[in-house]
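Accompanying notes for the structure given below.
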Amino acid sequence: MTTTGRSTPILVLDGEITPVRVLARDVWRSRDLLAVLARKEFFVRYRRASFGLVWAIGIPLVQALVLAVVLRHFVKFQTPASYPVFVFSGVSAWNFFSTGISTATSSIVDNRDISTKIYFPRSVFPSMTVLSGLYGLALTAVLLVILNAAYGTPPGIDTLILIPAIALNLVLTLTAGLVLAALQVYFRDVKFLVQAGLIAWFYLTPVFYPLHSVTGVVELFRLATVGADPGWTVAVWWSLAWSAALFVVATVLYRRFDRSFADLL
């Protein structure tokens, strides 16, 4: 709190800058809390549903089947394997990314009641929402392998590529979610821009059509199952570059504003 003139108080929402080592230390100390919250977030989401965790894999499966059936009658794509599996591999990667981005963006604002009472790294909230999706992504990956085998391609050494594929998807989604969650605190229109952007992004991402050099995460999912498009390595490097850039931006934002977020909620 500062004063100007005689005694007119002015509230300055300008928190102290948190050193990177302190920020990293606080996040590390919150790892157990983060794990508990992420697990709780996932299971609470399906707790009252009659079919429970089936919805975690049912929704992307239905989405992939609808796309495969509808598009097969209108367009013909040259894919390296069965088209339904090809689509499902893209949908699996995309759904984790889009859901994680959507929920992470408003996570700090939505948890204002907790944020304004006690202090812990605000990055816990977007991290929690993104990590909670890993349970569903893991189940979906298992179903993808089973579906791929049902169409004539049994699991092999390439199937292990699903591990780095999931890891890259997690890092890209988490870094983007951290940046958007911080921006949402200051600009409440961000979540609406994200919702609109994801609609367009879905059609620009090779979820249901082959296209190289766009999304490395999708290409890794396909490399592990049906085979990637030509030039998939370029797409993977682009995804890694975006992840690194977003990580730097997120670090700068939380280092500068982490302790002042509560004043704006």
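Set against the 2.2 N^0.38 Å expectation for a compact globular protein, the stretch 146-191 has a Cα radius of gyration ratio of 1.87. Rolled with a 1.4 Å probe across the full set of protein chains, the surface gives residue 146 an accessible area near 100 Å².
Whole-percent P(r), the stretch 120-209, all Cα pairs, 5 Å bins from 0: 3, 11, 15, 19, 19, 13, 9, 6, 3, 1, 0.
Between residue 29 and residue 260, the distance separating the two model label sites (each 7 Å from Cα on the Cα→Cβ line) works out to 2.3 nm. The figure for residue 189 is an accessible area of roughly 100 square angstrom, using a 1.4 Å probe on the protein chains alone. Spacing of the modelled spin labels on residue 245 and residue 44, each 7 Å from Cα toward Cβ, amounts to 3.5 nm. If the chain linking residue 198 and residue 54 were pulled fully straight, counting 0.36 nm for each residue of separation and taking away their Cα-Cα distance, it would gain 49.4 nm. Heavy-atom accessible area, probed at 1.4 angstrom with all protein chains present, ranks 40, 117 as 117, 40, highest first.
Once you place label points 7 Å from the Cα toward the Cβ at residue 167 and residue 189, how far apart are they in nm? Each label point is offset 7 Å from its Cα along the Cβ direction, giving 4.0 nm.
The values are calculated or read from the model by the stated rules, or taken from the named source; none is laboratory data. All figures in this text were calculated on a predicted structure; none of them were measured in a lab. Cβ: placed from backbone, ideal geometry, glycine included. Neighbour counts: every protein chain shown. Keep in mind that these areas ignore ligands, DNA and RNA; they rest on the heavy atoms of the full protein, side chains included. Shrake-Rupley method; radii C 1.70, N 1.55, O 1.52, S 1.80 Å.
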